[in-house]
Amino acid sequence: MTQPVQIGFDAKRAFFNHTGLGHYSRNLLQAIAQYYPNNHYHLYLPKAPNTSTELFLAQPPFEVHCPSGIFYRLFPAIWRSAMLGSQLAKDGIQIYHGLSGELPLNIAASKVPSVVTIHDLIFLDYPELYPKIDRQIYRAKSSMACDRADRIIAISEQTKQAIIKHFGTPKDKIDVVYQSCNPIYLQPPASAQLTIIRNRYQLPDQYLLYVGSITERKQTLQLLEAFRMVDEPGLKLVLVGSGGEYLVKVQQYAKAKQLSDSVLFLKDIPTEDLPSIYNQALAFVYPSLMEGFGIPIIEALHCGTPVITLSGGCLQEAAGPGAVYTPNSKPENIAEAMAKLITNPALRQQLASLGHAHVQQFTPKTFADGVMEVYGKVLKCLD
């Protein structure tokens, strides 16, 4: 694409979500603004942003659009789902990207070409983890989006295969575009910063690390059970993340098994502090049952930290040769992998080196290039 293009985005989660979908949206928008600054990027969101919004989103080449009129300000969900297509056409949008698995209901009638990113279909692969009403809503939104979009971006090969399996989507309509992580992880922290962060959070001298929400799907309880089996004096486990009832269950387990002095729970950690926490860990342990991709894995590898995770699927796509893999999440298998890395500094160094080379395909530049290539496929079809 040589001429500037008017590109619209569903920016709700870029502004208001601070977990996976929000990170994906912000990382993409930041990358394309950096590497493709000549286009005009329109960000559509259901209400005015708050003061914590990333500053780069409120300046050129971005233009923010919110619903106007009393009715749509009172009922922004109606504007976002039922009326946005008309707004896109009015604004002269040449291509619209639904960043979180959905498109406006009237996108086809608007005649605006569209791309949708599907992150995962875990709610269909593991329905027992989701309330029935949530499964029905997620399925309706994602299946409609896959049907109406001109092209689909899957964030992993695993997700692509799930789309084909559950929706019967033609495989040649789907592009796998791997995402990046926040650029802050790409530069090693200074030694002084490492010391500051170690002191700020009272990090132990030797620790294994987990970063992510503490939920049943992430299998954090199995992680604690495995850690309890590892006989290594002075070794600690640092868990960074928030959670609800499941977090309470994990904390109760740690207390009941006399692990309170060996397990450090951290939450609400600023993003700028996380690279130093990753960098000082012996290994990053991620026994999640299912992911769309596994961003914390590439954050760890960019920081030079080897990984322990489950074999197969997108987790192996993310970690490549930078991990020790377990065939399943049985605590004894995770414990064996932990012991293998803890006692072998040479292996840790080897995996860190291999993993760092592997994640060079998951950079902001490759992310932006991949997405823009998909846009080019759509626009070329319209020439």
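A Förster radius of 35 Å, combined with the Cβ-Cβ distance separating Ile78 from Val248, puts the computed FRET efficiency at roughly 0.45. Panel order for Leu74, Leu351, Leu45, by other beta carbons found within 10 Å of each beta carbon, from fewest to most: Leu74, Leu45, Leu351.
Put a plus charge on the Cβ of each Lys and Arg, a minus charge on the Cβ of each Asp and Glu, and nothing anywhere else: the dipole of segment 256-339 about its Cα centre is then about 220 debye. Coupling constants for segment 252-260 follow from the phi torsions by the Karplus curve (6.51 cos²θ - 1.76 cosθ + 1.60, θ = phi - 60°), and in residue order they are 5, 5, 4, 5, 5, 9, 6, 9, 4 Hz; glycine and proline get x.
Among Pro275, Pro183, Pro104, the largest mean-square fluctuation in a Gaussian network model of the chain (Cα springs under 10 Å) belongs to Pro183. Residue order for His119, His18, His356, His302, fewest other beta carbons within 10 angstrom first, comes to His18, His356, His119, His302.
Its relative contact order, with pairs defined as Cα atoms under 8 Å and 6+ residues apart, puts the chain at 15 percent. When the chain is treated as a GNM with alpha-carbon contacts under 10 Å, the residue of Tyr96, Tyr207, Tyr138 showing the greatest mean-square fluctuation is Tyr138.
Between amide H atoms placed 1.01 Å from N, distances below 5 Å from Gly304 occur with no residue 5 or more places distant or on a separate chain. Ranking Ser242, Pro275, Gln349 by Cα position along the charge dipole of segment 203-356, where only Lys, Arg, Asp and Glu carry charges on their C-beta atoms, puts Ser242 farthest toward the positive end. Scalar couplings 3J(HN,Hα) for segment 310-319, obtained by applying the Karplus form with A = 6.51, B = -1.76, C = 1.60 to θ = phi - 60°, are 7, 6, x, x, 6, 5, 6, 4, 6, 8 Hz; x denotes Gly and Pro. Charges were assigned to the Cβ only: +1 to each Lys and Arg, -1 to each Asp and Glu. The resulting dipole of the chain about its Cα centre is roughly 660 debye. Once both labels are positioned 7 Å from their Cα atoms along Cα-to-Cβ, the gap between Lys111 and Ala192 label points is 6.0 nm. Build a GNM of the chain with springs between Cα atoms under 10 Å apart, and of Lys12, Lys257, Lys111 the one that fluctuates most is Lys257. Entry note, the chain: the mean residue ellipticity at 222 nm calculated from DSSP H runs of n ≥ 4, each adding -39500 (n - 2.57), is -12500 deg cm²/dmol after division by the residues and rounding to the nearest 500. Database remark: amide H of His42 closer than 5 angstrom to the amide H of Ile7, Gly8, Phe9, Glu63 (H placed geometrically; neighbours at sequence offset of 5 or more, or on other chains; Pro and chain starts carry no H). Applying 1/(1 + (r/R0)^6) with R0 = 56 Å to the Cβ-Cβ distance of Ser68 and Arg200 gives a FRET efficiency near 0.80. Were the residues from Arg217 through Lys165 laid out at 0.36 nm apart, the gain over their Cα-Cα distance would be 16.6 nm.
All of the numbers you see were taken from the coordinates with simple rules; none came from a lab. Quick caveat, the model's predicted, so the values are computed rather than measured. Note that we place each Cβ from the backbone using ideal geometry, even for glycine, and neighbour counts take in every protein chain shown.
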